[in-house]
Amino acid sequence: MTSSETLEVAFVSDGSSGATVWDTTNGTMLKTYRHTGSIGQNCMSLLGNDYLIAADKGPLIQTWPINSQERTHQVRMLCGGKINSLAASPDGLYIAVAISEKLQVWMACSGRLLTTVSRHFQPITIIKWSSDGSYLVTGGEDGLVCVWSLAKLVNISRSSMPQIFFSGDQIDQSAPNYIFSDHSVRITGIYIGDCTRCIRIFTISVDKTCKIYDLSTGIMLLSVAFDIIPSSLTVDSVETAVYIGTTVGPIRSFDLTSPPRTRECYISDKESGIKFIGHAKAVTSLSVSLFGDTLVSGSTDCTIRTWHIASRQCLRTIQLKEPVINMFLTLIPRQLTANELEPSIILRSFKKTEELEDDNFIEVYCHNDLFEEENDTYGFKEDTSIREELEKTKTINARIYEFALNSILKDSEPNLKEDIDISSFSIVDLEEFDGEKNGLGDGDDTTEHSTTPRKKKRGRRKSKKNVNDVNISNIYKYS
């Protein structure tokens, strides 16, 4: 058993419902993702290593946690039309969706529609991301191949500039970096190389040609013509061999280490010496293993075959019930067999409209955002111990402050002139308060202002007493 046999698995969708995961080395099925409908061609992708997303030619993107057979109903990714193709960026941050001839880019962590652009004249059939996620390449029914820069797509002004392509002297930021119109009919396959020195784009079409472009300059490097329609495409990890799946079954290959001297060449059935013969119908998908020693193919003859590249012998055949629509090799996801999912990708439901926000506003998402919304808990409970401790600390600090304040007020003597608000008293209250104050000062030397009212009151009392005495004496006199 080689190291490649234990590292990679194949994600497969056939004409039946849902998708499956296979170990192509021993032919065992590892996982099944249930769905009521059939997944469309070029409509299945991994979102990071946590989710599998797919569309069944409808407006809704189905989402499965990588460790669960059932779809998640907590996230609803509803687009504005019938989905022709979709692909997630390698880092899992963006999802590119093709609706008719329009390309939409969504942000997975916020559910926002970043942009909608249109350059194709007919529906888009395939979307591919570069390995670093900086470029998107789309192919359509019209034979056009468009190269888009993600940075330009994200920074399109959504408020003032229309998001369509204009010809002439007008400059539109939503225009693709390159538009290759060398193909005449539908694009059936696209592959973007991983070489950092010179990134190359490989395309095939129903016009029986395979073309190779330089991504940095946009120049066509090579055009290879066949005598049969190619249906699928892949390249090995070192980009020395190109494998072409055909509509009649045999898989062809040509070597890039000894290219022809001319830019255009023709390879017939007799001249093509490297063939993988085994499929009876069209080959819909191809994928080379990480170590470049095996080739995996899926066909409409309901089989998945594993080939030894050096000997071109079929190592194993997996028989399915329905034709293979999508198939790709990938490293085994870490949580494929986990009991509970620990997502490293934030996932939100798609918002209905494209929101206009301030250009200076930046959204920052962290790992804690995975568990903030009630609809996106995925079976996890939020850890509230830190928040509870913080509330307890606030309560204790408030009580300590109140206790210290009361202690300070009790220890200090109150100053009546400063502490009493005179405006809150009436005139009668002030007179009574003044009288009580004078009464407390009897035995002390008082000012003239404070003793004068006191003397007047005593005089009045004496006069009233004298009057009463006179009246009483008069009564006794007359009696």
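Can you find a residue that is buried (at least 19 other Cβ atoms within 10 Å of the Cβ) and modelled with pLDDT under 90 anywhere in segment 81-89?
No, segment 81-89 contains no residue that is buried (at least 19 other Cβ atoms within 10 Å of the Cβ) and modelled with pLDDT under 90.
May I ask you to list the residues in segment 274-308 that are open to solvent by 10 Å² or more (accessible area, probe 1.4 Å), in contact (Cβ under 8 Å) with a residue 60 or more places away in the chain and of a type in the set (A, V, I, L, M, F, W, C)?
Listed by number, the residues that qualify are Leu290, Phe291, Cys302.
Hey, could you check segment 20-50 for residues that are in contact (Cβ under 8 Å) with a residue 40 or more places away in the chain and of a type in the set (Ser, Thr, Tyr) and say which is farthest from Pro333 (Cα to Cα)?
Ranking the qualifying residues of segment 20-50, first place goes to Ser38.
Tell me, which residue of segment 1-32 that is in a loop (DSSP other than H, G, I, E, B) and crowded, with 16+ Cβ neighbours inside 10 Å is modelled with the lowest pLDDT?
Step one: list which residues in segment 1-32 are in a loop (DSSP other than H, G, I, E, B), which gives 1-2, 15-18, 24-27.
If we keep only those that are crowded, with 16+ Cβ neighbours inside 10 Å as well, we get 16-18, 24-25.
On the way: Ser16: 78, Ser17: 75, Gly18: 84, Thr24: 89, Thr25: 88.
By that ranking, first place goes to Ser17.
Where residues in segment 174-203 are within 28 Å of Ile325 (Cα to Cα) and among the aromatic types (Phe, Trp, Tyr), which of them is most open to solvent (accessible area, probe 1.4 Å)?
Tyr191
Could you grab me the full set of residues in segment 234-248 that are under 30 Å from the mean Cα position of the chain (by Cα) and either open to solvent by less than 20 Å² (accessible area, probe 1.4 Å) or touching a residue at least 60 places away in the same chain (Cβ under 8 Å) (or both)?
Within segment 234-248, Thr234, Val235 meet the criteria.
What is the number of the single condition among (1) modelled with pLDDT of 90 or more; (2) buried (at least 19 other Cβ atoms within 10 Å of the Cβ) that Met220 does not meet?
Single failed check for Met220: (2).
Could you check segment 44-80 and list, in sequence order, the residues that are surrounded by 15 or more Cβ atoms within 10 Å (Cβ to Cβ) and of a type in the set (D, E, K, R)?
Asp50, Asp56, Arg71
With (1) in a strand (DSSP E or B); (2) under 25 Å from Arg316 (Cα atoms); (3) out of contact with any Gly (no Cβ under 8 Å at 6 or more places or on another chain); (4) of a type in the set (S, T, N, Q) as the list, and Gln41 as the residue in question, which single condition is left unmet?
(1)
Pairs needed: first member in segment 334-352, closer than 17 Å to Val75 by Cβ; second member anywhere, assigned to a loop (DSSP other than H, G, I, E, B) and of a type in the set (Asp, Glu); C-beta distance under 6 Å; at least 6 residues apart or different chains.
From segment 334-352, the pairs are Pro343/Asp50; Ile345/Asp50.
Tyr266 - would you say it is among the hydroxyl-bearing types (Ser, Thr, Tyr), surrounded by fewer than 18 Cβ atoms within 10 Å (Cβ to Cβ), in contact (Cβ under 8 Å) with a residue 24 or more places away in the chain and out of contact with any Gly (no Cβ under 6 Å at 6 or more places or on another chain)?
In short, yes.
So for segment 403-416 (the condition being surrounded by 11 or more Cβ atoms within 10 Å (Cβ to Cβ) and modelled with pLDDT under 50), does at least one residue qualify?
Within segment 403-416 (the criterion being surrounded by 11 or more Cβ atoms within 10 Å (Cβ to Cβ) and modelled with pLDDT under 50), the answer is no, since none of the residues qualifies.
If Thr125 satisfies all but one of (1) in contact (Cβ under 8 Å) with a residue 40 or more places away in the chain; (2) closer than 30 Å to Arg200 by Cα; (3) under 20 Å from the mean Cα position of the chain (by Cα); (4) open to solvent by less than 30 Å² (accessible area, probe 1.4 Å), what's the number of the condition it fails?
(3)
So which residues in segment 63-80 are of a type in the set (S, T, N, Q) and at pLDDT below 90, if there are any at all? Lay out the reasoning, then the answer.
Restricting attention to segment 63-80, the residues satisfying the condition of being of a type in the set (S, T, N, Q) are 63, 67-69, 72, 74.
Of everything in segment 63-80, those that are of a type in the set (S, T, N, Q) and at pLDDT below 90 turn out to be Thr72, Gln74.
Matching residues to (1) out of contact with any Phe, Trp or Tyr (no Cβ under 7 Å at 6 or more places or on another chain); (2) free of Cβ contacts under 8 Å to residues at least 40 places away in the same chain; (3) assigned to a strand (DSSP E or B):
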residue	(1), (2), (3)
Leu52	no, no, yes
Gly58	yes, yes, no
Gln62	yes, yes, yes
Leu86	yes, no, yes
Gly139	yes, no, yes
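The values are calculated or read from the model by the stated rules, or taken from the named source; none is laboratory data. A quick note: this is a predicted structure, and the numbers were derived from the prediction, not measured. Heads up, the Cβs are rebuilt from the backbone with ideal geometry, glycines too, and the neighbour counts pull from every protein chain shown. Please note that ligands, DNA and RNA were not included when accessible areas were found on the heavy atoms of the full protein model with its side chains. Shrake-Rupley method; radii C 1.70, N 1.55, O 1.52, S 1.80 Å.
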